[in-house]
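Taking it in order: structure first as structure tokens, then the write-up.
The values are calculated or read from the model by the stated rules, or taken from the named source; none is laboratory data. Note that the structure is a prediction, hence the values are computed from the model and not measured. Cβ coordinates were reconstructed from backbone atoms using ideal geometry, including for glycine residues, and neighbour counts include every protein chain displayed.
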Amino acid sequence: MKKVILSLFVAVSTFVSAQTLTNDAFHSRLGFEVPHLMVSNISGHFSDFKSTVTFTKEDLSDAKFTLTAKVATINTGVEPRDNHLRSADFFDAEKYPEMKFVSTSVTKEFGNKYKMEGDLTMHGVTKKVSLTVIYNGLVTNPMNKVKTHGFTVKGSLNRKDFNVGANFNNAVVGETIQIVSNLEFPVEAGK
């Protein structure tokens with residue numbers, strides 16, 4: 001009985017105090033997919049990004065997510081295309097080196113699914129976006145014994161809302177970008 005009570009106390013205490021967690025860079029990915037020539041999709045990711053989540057409530061209703069990505073680390077697996085995406089034709093990474101997202105609300109929809117709204121700044125433009133967050137749970141990593149929260153974030157945005165690739169029409173590069181980000185947040189000792 002004491003073990004059960006202690007386990008419950010540890011599980012609850014994980015949520016009671018405010019915690020700000022930073023994503024595990026080795027087990028997190030900020031990915032995207034964009035239509036090309038209206039017949040296929042090109043996928044890619046940003047190699048250098050940092051995300052944090054802060055919350056005190058087990059239902060995550062007070063969760064706050066932030067994300068900052070280095071635009072120059074865009075990677076679609078084709079160097080000439082990546083260089084073009086970094087250029088002024090698209091992201092203009094030299095002038096706008098970072099993109100940033102800050103959540104303004106997280107609302108539970110059902111089960112482990114949440115609606116997250118926030119401000120995305122990209123290419124010098126800030127717009128409100130709405131994303132879906134799936135909370136995948138809290139587990140103990142068997143390799144290092146560290147408790148780890150897992151999230152999947154999905155959504156879509158129109159690149160032209162941010163003036164990215166404004167001179168390229170939808171028949172060449174799709175306007176709607178699908179976002180899929182998988183994030184692991186280890187709980188540091190003492191939190």
Between residues in region 51-68 that are within 14 Å of L131 (Cβ to Cβ) and residues that are part of a strand (DSSP E or B) and among the basic types (K, R), which pairs lie under 8 Å by C-beta distance while being six or more apart or on different chains?
V53/K64; L60/K108; T66/K100; L67/K50; L67/K100
Can you find a residue in region 93-113 that is hydrophobic (A, V, I, L, M, F, W, C) and touching a helix residue (DSSP H, G or I) at 6+ places or on another chain (Cβ under 9 Å)?
yes
Being at pLDDT 95 or above, under 20 Å from the mean Cα position of the chain (by Cα) and under 21 Å from K64 (Cβ atoms) is true for just one of T76, T104. Which residue is that?
T104
Those residues that are crowded, with 17+ Cβ neighbours inside 10 Å and under 24 Å from S105 (Cβ atoms), I need them from region 65-82; list them, please.
F65, L67, A69
Run down V34, V102 and say which single residue is touching a Ser or Thr at 6+ places or on another chain (Cβ under 6 Å) and β-branched (V, I, T).
V102
Which residue, of M38, M99, is at pLDDT below 95 and farther than 19 Å from L138 by Cβ?
M38
First in region 78-92 and farther than 17 Å from I177 by Cα, second anywhere and among the aliphatic types (A, V, I, L, M) and modelled with pLDDT under 95, Cβ under 6 Å, 6 or more apart:
none
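The rows are residues; the columns are (1) in a loop (DSSP other than H, G, I, E, B); (2) exposed (fewer than 13 other Cβ atoms within 10 Å of the Cβ).
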residue	(1), (2)
K145	yes, yes
G165	yes, no
S181	no, no
F185	no, no
Across region 26-64, what is the total count of residues that are surrounded by fewer than 16 Cβ atoms within 10 Å (Cβ to Cβ), outside any strand (DSSP E or B) and within 18 Å of the chain's Cα centre (by Cα)?
6
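Looking for whichever is of a type in the set (K, R), without any contact (Cβ under 8 Å) to a residue 60 or more places away in the chain and out of contact with any His (no Cβ under 6 Å at 6 or more places or on another chain) here; the options are K128, K147. Which one fits?
K128
Based on this model, can you work out whether N169 counts as of a type in the set (S, T, N, Q), in contact with a helix residue (DSSP H, G or I) (Cβ under 9 Å, 6 or more places away or on another chain) and within 30 Å of A93 (Cα to Cα)?
Numbers: of a type in the set (S, T, N, Q): yes; in contact with a helix residue (DSSP H, G or I) (Cβ under 9 Å, 6 or more places away or on another chain): no; within 30 Å of A93 (Cα to Cα): yes.
Judged against the criteria, N169 is not a match.
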